Structure formats: C-alpha cells, structure tokens
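*Asks:* Structure below; questions to follow.
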Amino acid sequence: MKSTDDEFTLEREREVYLEGIRLFNAGQFFEAHETWEDCWNGTLDRRREQFYRAIIRGAVTLHLLRQGRAVGVRQVFVDCLKTFEGLPEVFMGLDIPGHLVKIRHAIQPALDDLEMTHIQIDPARLFEMTLLYDPFEDSRNGEGAEG
C-alpha cells in the first residue's frame, strides 16, 4: 500500500534517495536496494516509482555479482534495462545511459560467457553513482520532485 505525502515527504524521499546512493558508493548494494525500496514504496509519482525500481534492479545486479551468481546477474540486468525504458536519459539527476554503461562494464565477464554460472567479482570494475544535479532542488527533466 502506498504512503500518503504526509507520511513520506519530499524531504524524507530526498534523504532516503541520497542515503541509498551513499550505500551504493560504499559497495553496499543490498543495503542500497533496501533503502531505495522506501522511496519506491513511498512516492506517489509513477515515473519516480519506475526509476526507483530500475536503480534497485541495478543494485541487485551488482549484489548478485558480488555473490558470484552469473545467471542471476544476467537476468536481473535485463530486467534493469527494461525498467529504465521510457524514462528521460537524465532523470532524478542520474545520467541513465552512463549508469547502464557502468553496470554493463562491471558485469561484462558474465555477459561474455553465457555458459558461466559462477563469476569472480573484479573490484576495479565497480563504480560510484554521481548525480548531475539535485532533482529535489532543480527538477530539470520533469521529475516533479521539487518541493
């Protein structure tokens, strides 16, 4: 059940979104996923909900990579790509095509060998999420997140 705006304010959404990015950048992909679920469940905006589902799937992809589960990495990455479809190239401050290129680079060994079932993570392929702008201060692409 969706929260009302009174229960999950834009200020709270911003805090949770940025905390998820902090966790992601610390390599805590499962924790980032859990954190962003609060945004996904709290927002009433359909496109932000879609965006949160997509970045959650990206974090899960990298979590599965860390666990060495090549088949899961490929499956969830495909879901991630599909979930981002229809959003602007830059949304919620994130360069989506650039973000997807970085995920693809991180998981490339699993994509190169479709018979692979176990993968070793290469920490050098991991990356940090960076925002081009704060969508809660400056809604450049119709995020509707400014207060």
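*Asks:* What residue, of Gly142, Gly72, is farther than 30 Å from Phe8 by Cα and not hydrophobic (A, V, I, L, M, F, W, C)? Talk me through it step by step, then tell me what you get.
*Replies:* Working: Gly142 fails: farther than 30 Å from Phe8 by Cα.
Sole residue among the options that is farther than 30 Å from Phe8 by Cα and not hydrophobic (A, V, I, L, M, F, W, C): Gly72.
*Asks:* Restricting to the range 41-61, name every residue that is in a helix (DSSP H, G or I) and either touching a Leu at 6+ places or on another chain (Cβ under 7 Å) or farther than 14 Å from Ile103 by Cα (or both).
*Replies:* Going through the range 41-61, the residues in a helix (DSSP H, G or I) turn out to be 41-42, 46-61.
Matches in the range 41-61: Asn41, Gly42, Arg46, Arg47, Arg48, Glu49, Gln50, Phe51, Tyr52, Arg53.
*Asks:* Look at Arg74 and say whether it is surrounded by fewer than 21 Cβ atoms within 10 Å (Cβ to Cβ), modelled with pLDDT of 95 or more and within 20 Å of Pro97 (Cβ to Cβ). Give the derivation first.
*Replies:* Numbers: surrounded by fewer than 21 Cβ atoms within 10 Å (Cβ to Cβ): yes; modelled with pLDDT of 95 or more: yes; within 20 Å of Pro97 (Cβ to Cβ): yes.
Yes, satisfied.
*Asks:* OK, next. Between a residue in the range 80-101 that is under 17 Å from His33 (Cβ atoms) and any residue that is among the hydrophobic types (A, V, I, L, M, F, W, C) and assigned to a strand (DSSP E or B), which pairs come within a Cβ distance under 9 Å, given they are 6 or more apart or on different chains?
*Replies:* As it stands, the answer is Phe84/Phe91, since those pairs meet every condition given.
The values are calculated or read from the model by the stated rules, or taken from the named source; none is laboratory data. Computed from a predicted model, the values in this text were never measured in an experiment. Backbone-built Cβ (ideal geometry, glycine too); neighbour counts: all protein chains shown.
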